[in-house]
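The block underneath contains the structure these notes are about, expressed in structure tokens.
The values are calculated or read from the model by the stated rules, or taken from the named source; none is laboratory data. Because the structure is a prediction, the values reported are computed rather than measured. Ideal geometry is used to build each Cβ from the backbone, glycine not excepted, and the neighbour counts take in all protein chains shown. Please note that ligands, DNA and RNA were not included when accessible areas were found on the heavy atoms of the full protein model with its side chains. Shrake-Rupley method; radii C 1.70, N 1.55, O 1.52, S 1.80 Å.
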Amino acid sequence: MRKLFAISLVFLLLGVGAVALIETDPGYVLLSYGNWTLETSLWVGLLLLLLFVLVLYWLVRLILRLLSGQRNLAAWFGGRKARQARRLSDKGLQSYLQGDWAAARRQLERGARNSESPLLNHLLAARASEQLGEEERLHEFLSAARSTGGDDSAVAVELTLADIRLRGGDFQAALSALDESQGQGAKHPNVLRIQRRAYEGLGEWENLLAMLPELKKHKVYGQQELEQLEREIHAHRMQAPADGANDLLQRWQSVPAHLRRESALREAYVDRLAALGDDEAAEKAIVKSLKHSWNTELVRRYGLLQTPDTGKRLARGEGWLSEHPDDAELLLCLGRLCAREKLWGKAREYFEASYRIERSAITCAELGRLLSALGEPKVAAAYYREGLGMTAENLPDLPMPELAVSHG
């Protein structure tokens, strides 16, 4: 209360002093502009000046607020369009995932108009057009995606087109679409993935072998998958046509040592040598392989080769028999080699020994034709029937006619 009283007293004294000062000397102010003049006391002039400054201040403030309101209004409208673009893009993505390609493309296209980053919209719309079979619209959307600018958008467009061509089975077009992206393969593992699938589709195993180090370097696949891929590449290389035994030998020597020990690759190599008509090279490959590990499939192939030194092969095979006396495939092989040497008695013994260990349709067939030629048709027929019965086991179940009943 005292503080309020003291303040009031101070203002009262200042007012009294101001009134006394004005009455003592009111001052004089003259303003002249053209034919207009304004005369007033100094104190009234100061009051008018203060009022003018206040009015000017509020006027400037009002103008700034109006301008700020326009910007806020424009920002509000812009934000509204951006929110609508996001909603349309989200709906388009949902429609795309549901497989509604027409709706997805329409929503994605509309969402791209006011989107800050329309690249994804254009790419998904292009994929939707591909599903609809509309090639022209596909390229329109890819062109729109490319126009968003930047190296990343160009790579994304090329990868999208390459993937579309790959899924369509046009492997060469998929590789062609990667031309602009291949220089950045280290940054984009998908380039390497698409290349791998395209080369597989085209059967270009040498190209796939050449890119194998890149796949390993950039860890595009896990270790186990890479090992399986490497195994498949070399298997196909062994099965692919070759320009003679020397070409095939170079391929074989390019196979890593740990893979050359695998049965499937060794068998493929021998089969290709035999297909080239180089049975002598095939024989050497089989003998060398069997020294490291026994393989009944290679033994079977050994008996099918046609070389001038059958007697030598027979002697080598009989040497293997001491270590593998119960190998039915080896006994069958020896029977065939004896037949080539016209050793009919030994051939029969080996075939029968193989039959006792493992009854197979092939062994029965060999016994049947040998015994038929030796003048034992009844025994031969029995073997033929048994062998035929073995193959009949794989026949589907079908209804058979009932046995005819004779009436006397």
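Quick notes on this one:
- Derived scalar couplings ³J(HN,Hα) [the stretch 235-242; Karplus, 6.51 cos²θ - 1.76 cosθ + 1.60; whole Hz; x for Gly, Pro]: 5, 5, 5, 5, 8, 6, x, 10
- Solvent-accessible area per residue for the stretch 260-386 (1.4 angstrom probe, square angstrom): 52
- Accessible surface of the stretch 209-248, 1.4 Å probe, proportion on carbon and sulfur as whole %: 47
- Local net charge near residue 258, Cβ-Cβ under 13 Å (Lys/Arg +1, Asp/Glu -1): +1
- Average Cα contact separation per residue, the stretch 86-169, under 8 Å, 6 or more apart, as relative contact order %: 22
- Cα-based shape type of the stretch 88-135, given that a ≥ b ≥ c are square roots of the gyration tensor eigenvalues and the cut on a/c is 1.5: oblate
- Taking all protein chains as shown and a probe of 1.4 angstrom, residue 148 keeps an accessible surface of around 60 Å².
- Residue 341 - accessible surface, heavy atoms, 1.4 Å probe, Å² rounded to 10: 80
- Each Cα pair under 8 Å and six or more residues apart adds its separation to the average, and for the stretch 183-336 the resulting relative contact order is 14 percent.
- Over all Cα atoms in the stretch 105-217, the spread is summed up by Rg and Dmax: 14.9, 48 Å.
- Using the Cβ of residue 294 as centre and a radius below 11 Å, the other residues enclosed give a net charge of -3, where K and R count +1 and D and E count -1.
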